[in-house]
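To keep things clear, I will list the structure first and then write my remarks on it.
Bear in mind these aren't lab numbers, they're just calculated from the coordinates by the rules spelled out. Everything numeric in this text was worked out from a predicted model, so none of it was measured. Neighbour counts are summed over all protein chains in view; Cβ atoms, including those assigned to glycine, are modelled from backbone coordinates with ideal geometry.
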Amino acid sequence: MTNSDQSGASPAAPRASAGPVSRLRNYFLTGLVVAGPVAVTSWIIWWFVTWVDNLVRPIIPAPYLPETYLPITVPGFGLIIALFALTILGFLTANLVGSRLVGLGESLLNHMPIVRPIYRTTKQIFQTLFSGSESSFRRVGLVEFPAPGMWSLVFLTQPPTEPIAKHLPQSEHVSAFLPCTPNPTTGFFFYVPKRDVIDLDITVEQAMSLLISAGIIQPGSEEGHDKLAALADAARTAQATRKAARSPAN
């Protein structure tokens, strides 16, 4: 009888003491999972808008600023002006007169010894990132690096041009960028034989998430949603267990 009483009492005691703490912990983690990404995303957007405003507002005449007529500062006004100015610049560049002016400006920059390499490199980076050509990162692959049996993600672009290809071994090569973790803006660039690359059926965005999270966010998984659902289920289970433990006493 004593053993029966002990066996029936011992499981109930930990539930009674740990139930409220476990529930509060799960509620807190659930709220953190929900609010954390929203807070970080909002902060990044606010930082970007403020940064653009601080760059653009000083060059706008005071009579054209909203705060000249309103008692508050309108956030994002500088960003709107910047987007409008870039659109107008693109429109003017697309016509004959604008293209000639851009060509004249580029010719001037190309004759400046120090400015020329900086401008050319920056222009190529922007063209690669924002163009729809095959030179941008559109494929993700695996290469055996840094040692046999160890594999790393790479972003693949176009094959090397003739001046470089003629100095490479007689096999088809591709341009590969191997980003670092957790900062994928740095890494290693190299030419690798195409036969040594394993193509992956994932997007560049998924690969970026995998790299930045150091493998926590795996492609093809709904981990964030699953964690949130698991925390909510754990909270409900703890609450139900707590009620069930109290029922016999009542």
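Quick one: which residues, 5+ away or cross-chain, put their amide H under 5 Å from the amide H of His173? H built at 1.01 Å from N.
The list, which skips near neighbours in sequence, is Lys194.
With θ set to phi - 60° and the Karplus curve 6.51 cos²θ - 1.76 cosθ + 1.60, what are the ³J(HN,Hα) couplings of region 110-122 in order, to the nearest whole Hz, using x for Gly and Pro?
5, 9, 9, x, 7, 6, 4, x, 5, 5, 4, 5, 5
Just to confirm my numbers, what's the Cα centroid distance between region 152-190 and region 43-101 in Å?
Centre-to-centre distance over Cα atoms comes out at 37 Å.
Once you put a point 7 Å from the Cα of Phe189 and another 7 Å from the Cα of Leu32, both along the Cβ direction, what distance in nm separates them?
For Phe189 paired with Leu32, the spin-label model returns 4.0 nm.
From the P(r) of region 134-219, could you give the percentage of C-alpha pairs in the tail past 14 Å?
Details: 2331 of 3655 pairs.
Result: 64 percent of Cα pairs exceed 14 Å.
Between Ile217 and Tyr119, how many nm apart are label points set 7 Å from Cα along the C-beta direction?
3.8 nm
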